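One structure below.
The values are calculated or read from the model by the stated rules, or taken from the named source; none is laboratory data. This structure is a prediction, so every number in the text was calculated from the model and none was measured. Here the Cβ positions follow ideal geometry from the backbone for every residue, glycine too, while neighbour counts run over all protein chains shown.
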Amino acid sequence: MSADSLVPWVAASAPWILFLFGVGFLVANIRLGADLLRYYRRKRSALLIWRMPRPRFYWFNIALAVLLALLLGYKLLVQRRELADVFGEAMMLLYYGYAFPMTTRIARGFYQDGVWAETGFMPWGQISAVSWREGPSLTLVLVSHLRSIARRLEVPGPLYGQARRLLRDRIKAQEIHISGLDLGGRDDADSV
């Protein structure tokens with residue numbers, strides 16, 4: 001394919017590529033929306049929570065939302081495009097301008113029915129291993145026995161003692177069962 005024939009092909013493919021991006025961002029928006037709904041339902045059952053600092057590229061995402069809003073306005077008002085023609089840009093705008101900023105407001109920490117970590121919620125019953133990592137910040141690592149996933153949660157230093165006590169209480173109440181080699185001489189609460 002020569003460079004001369006590549007330009008028309010890209011121009012003809014661009015609407016389909018944007019549509020596919022729109023479908024991907026629609027799925028991401030639905031997932032983030034479901035996370036927000038779960039958070040608002042769960043918020044009243046908070047045991048120990050805190051607000052996380054904004055992600056590193058938060059303002060870059062907001063700048064993308066502004067650019068997408070300008071592009072969307074130009075396509076709708078100046079070019080008089082149909083709504084179906086701007087589906088991809090609209091889904092990206094919804095993600096960067098609303099869904100992503102709203103999910104940064106989800107308070108991380110411990111709730112009555114589980115832990116809200118950096119990448120999502122994990123119910124107490126799914127946790128099979130707990131580990132602490134010390135570095136620039138204290139990080140709780142939770143491993144699920146249902147799926148091969150580990151979730152991280154940065155715990156503020158002043159809340160470290162409360163977090164450890166809360167985990168010990170959950171283990172003693174048998175809401176968390178630490179799996180591993182059981183030789184009978186170790187209490188699960190010692191894992192915390």
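Taking (1) outside any helix (DSSP H, G or I); (2) within 22 Å of residue 39 (Cβ to Cβ); (3) not β-branched (Val, Ile, Thr) in turn, residue 162 satisfies each apart from (1). If the condition is being within 13 Å of residue 105 (Cα to Cα) and hydroxyl-bearing (Ser, Thr, Tyr), then the range 24-71 contributes 39, 40, 58. Scan the range 151-168 residue by residue and report those that are closer than 18 Å to residue 118 by Cα and aliphatic (A, V, I, L, M). Within the range 151-168, 153, 155, 159, 163, 167 qualify. Within the range 40-53, residues that are at positive phi and among the basic types (Lys, Arg) have Cβ atoms under 8 Å from residues that are at pLDDT below 95 and surrounded by 10 or more Cβ atoms within 10 Å (Cβ to Cβ) in no pair, counting only partners at least 6 apart in sequence or on another chain.
The residues on offer are 122, 102, and the sole one that is touching a helix residue (DSSP H, G or I) at 6+ places or on another chain (Cβ under 9 Å) and in contact (Cβ under 8 Å) with a residue 24 or more places away in the chain is 102. For the range 51-100, filtered to residues that are touching a Lys or Arg at 6+ places or on another chain (Cβ under 8 Å) and farther than 18 Å from residue 17 by Cα, the residue that is modelled with the lowest pLDDT is 52.
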